[in-house]
Amino acid sequence: MQASDIGIDKNLCNGCGACVTVCPARAFSIVAEKAELTGSCTFACDHCAATCPQQAITVSFTEEREPFEFASFAAEEAVESPSDTSLARLASVMRARRSCRVYQKRPVDREILEDLVKIGLTAPSGTNSQKWTFSIIESRPKMLAFGENIATYFGKMNRLAESGWLRKLLKLGGRPELDIYYREYYESIKQALSQWHEKGIDRLFHGAQAAILVGAQPGGSCPQEDALLASQNILLGAQAMGLGSCLIGFAVEALRRDKKIKMALKIPTSEKIYTVIALGWPAISFPRPAGRRKVPIRWIA
Ligand SMILES: Cc1cc2nc3c(=O)[nH]c(=O)nc-3n(C[C@H](O)[C@H](O)[C@H](O)COP(=O)(O)O)c2cc1C
């Protein structure tokens, strides 16, 4: 929950009641033909100010408000109404997004990375808690240092998994994870690690030049969902900018299991990282959209 202060300019208010209708906390009433705050604002959603046709309501957060101005492109001035949105354009960006695993050796400008975070911030968050965090790795050498720590983690995992008796013992104790890891990942990770160490081949980030790590501070009501929704916005934003992107689940797993990796990135250990989004200018294009399996839709009529 964010602390906020709601101001109502009674001279501007025409008593239309839009704020009364929109407020999820039912905090507004019309008193003597003017809006009045008669209840308490529970999560500072800002909808009252956003909907007021008279601009009579202001919500000032005690925290600083993020200005939605973008540095790397000119956003349209007006907030689009649904009928103005080109669904064809939106759907084509969604359909064209693919995981990129071939990148140019060209850095991604800082302002582009910052704009992607702002695009991420337009996502919804449970009870508007906005407890998400965004950590940007902005250069290839830093990506390599991050990758080195992840390689160390998976090297340790592979050494553990090599022990048949340990796998068996853990499995007997009701912890089959190491056995599953051995069967599903051990061989391919062994190969990827030897390519990383001996030939400098990057099968982790695929040569991406930058990454955005989306996480959450403790205290949000739905931290994982919030981070994932922001991440999807970032993926689509990157696609619309012509950038390639790829979620790196292996990096998330390593960050989750080994605090030292987080510490090396100066990310507080209390923060949980939910996605690592590798980014860079693509060196490949996908003229055809993704093939997806047919999904049965369950109609509940
Ligand atoms: C949670 C998650 C983790 C992923 N982790 C990796 C990864 O570690 N390495 C990788 O190359 N791709 C990773 N991917 C990308 C998927 O393989 C990819 O999204 C999937 O094959 C569909 O392809 P598309 O993204 O091109 O449509 C991940 C995707 C998701 C959603």
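The values are calculated or read from the model by the stated rules, or taken from the named source; none is laboratory data. All values reported here derive from a predicted model rather than from experimental measurement. Note: ideal-geometry Cβ built from the backbone for every residue, glycine included; neighbour counts use all protein chains shown. Ligands, DNA and RNA are stripped out before the accessible areas are found, and what is left, the full protein with its side chains, is counted by its heavy atoms. Shrake-Rupley method; radii C 1.70, N 1.55, O 1.52, S 1.80 Å.
Which of rounded, prolate or oblate describes segment 115-167 when judged by the alpha-carbon gyration tensor and an a/c cut-off of 1.5?
Numbers: a/c = 5.67, a/b = 1.86, b/c = 3.05.
Note, shape of segment 115-167 comes out oblate.
So what are the ³J(HN,Hα) numbers for segment 242-255, from phi and the Karplus equation (6.51, -1.76, 1.60; θ = phi - 60°), rounded to whole Hz, Gly and Pro as x?
x, 8, x, 8, 7, 6, 10, x, 4, 5, 5, 4, 5, 4
In segment 50-105, what trypsin sites (Lys or Arg not before Pro) fall in a loop by DSSP, with at most 13 other Cβ atoms inside 10 Å?
Those satisfying the criteria are 65, 105.
Give the angle, between 0 and 90 degrees and rounded to the nearest 10, that separates the Cα long axis of helix 87-96 from the longest principal axis of the Cα atoms of the chain.
10 degrees
Using amide H atoms built 1.01 Å from N in the peptide plane, name the residues 5+ places from residue 244, or on other chains, whose amide H lies under 5 Å from its own.
Long-range HN contacts for residue 244: 280, 281.
By the gyration tensor of its Cα atoms, with a ≥ b ≥ c the square roots of the eigenvalues, what is the shape of segment 148-301: rounded for a/c under 1.5, prolate for a/b over b/c, or oblate?
The shape class here is rounded.
Once Lys and Arg get +1 and Asp and Glu get -1 on their Cβ, which of 170, 237, 211 lies farthest toward the positive end of the dipole of segment 168-246?
170
Would you mind calculating the relative contact order of segment 190-247 from Cα pairs under 8 angstrom and at least 6 residues apart, reporting the percent as a whole number?
16 percent
What does the convex hull of the alpha-carbon atoms of the chain project to on average, in nm²?
Averaging across all directions leaves 21.5 nm² for the Cα convex hull.
Report the FRET efficiency, 1/(1 + (r/R0)^6), for residue 169 and residue 297, where r is their Cβ-Cβ distance and R0 is 41 Å, rounded to 0.05.
Efficiency for this residue pair is about 0.35.
Which distance in nm do the two modelled labels at residue 109 and residue 95 give, with both placed 7 Å along the Cα-to-Cβ direction?
The answer from the label model is 3.1 nm.
Got a sec to turn the phi values of segment 225-240 into Karplus ³J(HN,Hα) couplings, 6.51 cos²θ - 1.76 cosθ + 1.60 with θ = phi - 60°, whole Hz, x for Gly and Pro?
Computed from phi, the couplings for segment 225-240 are 4, 4, 5, 5, 5, 4, 5, 5, 4, 5, 4, 6, x, 4, 4, 5 Hz.
Which ³J(HN,Hα) values, rounded to whole Hz and listed in residue order, are derived for segment 179-192 from phi using the Karplus coefficients 6.51, -1.76 and 1.60 in 6.51 cos²θ - 1.76 cosθ + 1.60 with θ = phi - 60°, glycine and proline given as x?
5, 5, 4, 4, 6, 9, 10, 3, 4, 5, 6, 4, 5, 4
Remind me, relative contact order of the chain in percent, using alpha carbon pairs under 8 angstrom and six or more residues apart?
22 percent
Could you check the simple spin-label distance between residue 201 and residue 42, using points 7 Å along Cα→Cβ, in nm with one decimal?
5.5 nm
Classify segment 4-61: rounded, prolate or oblate, from the alpha-carbon gyration tensor (a ≥ b ≥ c, eigenvalue square roots; a/c under 1.5 rounded; otherwise prolate if a/b is larger than b/c)?
Because a/c hits 1.5 or more and a/b exceeds b/c, segment 4-61 counts as prolate.
Just to confirm, what accessible area per residue do you get for the chain at 1.4 Å probe, in whole Å²?
62 Å²
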